[in-house]
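The structure under discussion appears below in the form of structure tokens.
Computed from the coordinates by the stated procedures, all read-outs in this text should not be read as laboratory data. Note that the coordinates shown come from a computational prediction; the quantities given were computed from them, not determined experimentally. Cβ coordinates were reconstructed from backbone atoms using ideal geometry, including for glycine residues, and neighbour counts include every protein chain displayed.
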């Protein structure tokens, strides 16, 4: 699974809009849309922020594992 697809799926599973996640990352919705569509690479610090926000491991967000591991 591609990272951008995992970002989208995780957001949708949480019933969040792109605007909501952009606010968490302190960026514009358009910037986040570029990350989620795979048109721009998202910086690692945003991945860390989202892992904490969604309470999932980075390897899940990266698409390395299919079952989300919760953070402790």
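Set against the labelled values [x] 15.9; [y] 12.0; [z] 13.1, Kirkwood radius over Cα pairs in Å computed from this structure falls on [y]. Which residue fluctuates most in the GNM of the chain (Cα springs below 10 Å): 57, 37, 14? So, out of 57, 37, 14, the one fluctuating most is 14. Working from Cα pairs under 8 Å separated by at least six residues, relative contact order for the chain is 31 percent. Computed extension length for residue 52-residue 2: 16.0 nm, one decimal, from 0.36 nm per residue of separation with the Cα-Cα distance subtracted. As a calculated quantity, the FRET efficiency between residue 59 and residue 39 at R0 = 25 Å, using C-beta atoms, amounts to about 0.60.
Show that you can apply the helix-only estimate: for the chain, add -39,500 (n - 2.57) for every DSSP H stretch of four or more residues, divide by all residues, and state [θ] at 222 nm to the nearest 500.
Values: 5 runs with 43 residues, N = 72.
The helix contribution divided over the chain gives -16500 deg cm²/dmol.
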